[in-house]
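The values are calculated or read from the model by the stated rules, or taken from the named source; none is laboratory data. Source: prediction; values computed, not measured. As a convention, Cβ positions derive from the backbone with ideal geometry for all residues, glycine included, and neighbour counts pool all protein chains shown.
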């Protein structure tokens, strides 16, 4: 997900406040990378990300590191508009780079927009009916 966010062109990048949210994502990635300096997979990933995103390369040079934590992100959806989501993350014991992230609407307007999207999705993709005897 971080690669997609950091390489998407401005108008195609879902976060509305790119100048605030993407540096935080890059700083979190830098913090994780610090535990893997010299590992070929990480070095290749960071090198490719820098090549694909001059924006990320500039952010990486800042040296900023920030741990994961709760925050509010505002996303742009072409049909629903802006949706503010409160994000919290939980670490997985024994897997320091693995996190479970849960996002919930941060305000009533965002909740209504998410519910509208869910209703639309249920109409366009009805649930599969169970076969008799299954």
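Take segment 35-64 and flag every residue that is in contact with a strand residue (DSSP E or B) (Cβ under 9 Å, 6 or more places away or on another chain) and either closer than 18 Å to residue 5 by Cα or surrounded by 12 or more Cβ atoms within 10 Å (Cβ to Cβ) (or both).
36
Need the failing condition index for residue 35 against (1) under 30 Å from residue 109 (Cα atoms); (2) outside any helix (DSSP H, G or I); (3) at pLDDT below 90, just the number.
Checking residue 35 against (1) under 30 Å from residue 109 (Cα atoms); (2) outside any helix (DSSP H, G or I); (3) at pLDDT below 90, the one that fails is (1).
Could you check how many residues of segment 77-93 are surrounded by fewer than 12 Cβ atoms within 10 Å (Cβ to Cβ) and either in contact with a strand residue (DSSP E or B) (Cβ under 8 Å, 6 or more places away or on another chain) or touching a residue at least 60 places away in the same chain (Cβ under 8 Å) (or both)?
Qualifying residue count, segment 77-93: 2.
Yes or no: residue 82 farther than 18 Å from residue 4 by Cβ and more than 18 Å from the chain's Cα centre (by Cα)? Steps first, answer last, please.
Working: farther than 18 Å from residue 4 by Cβ: yes; more than 18 Å from the chain's Cα centre (by Cα): no.
Spelling it out, it is not the case that residue 82 is farther than 18 Å from residue 4 by Cβ and more than 18 Å from the chain's Cα centre (by Cα).
Test of understanding: among 53, 62, which residue is within 19 Å of the chain's Cα centre (by Cα) and at negative phi?
Matching residue, one of 53, 62: 53.
Please verify whether residue 35 is without any contact (Cβ under 8 Å) to a residue 24 or more places away in the chain and over 30 Å from residue 119 (Cα atoms), treating the condition exactly as stated.
No, not satisfied.
Can you tell me which residue among 67, 15 is more than 30 Å from residue 112 (Cβ to Cβ) and either touching a helix residue (DSSP H, G or I) at 6+ places or on another chain (Cβ under 9 Å) or crowded, with 17+ Cβ neighbours inside 10 Å (or both)?
67
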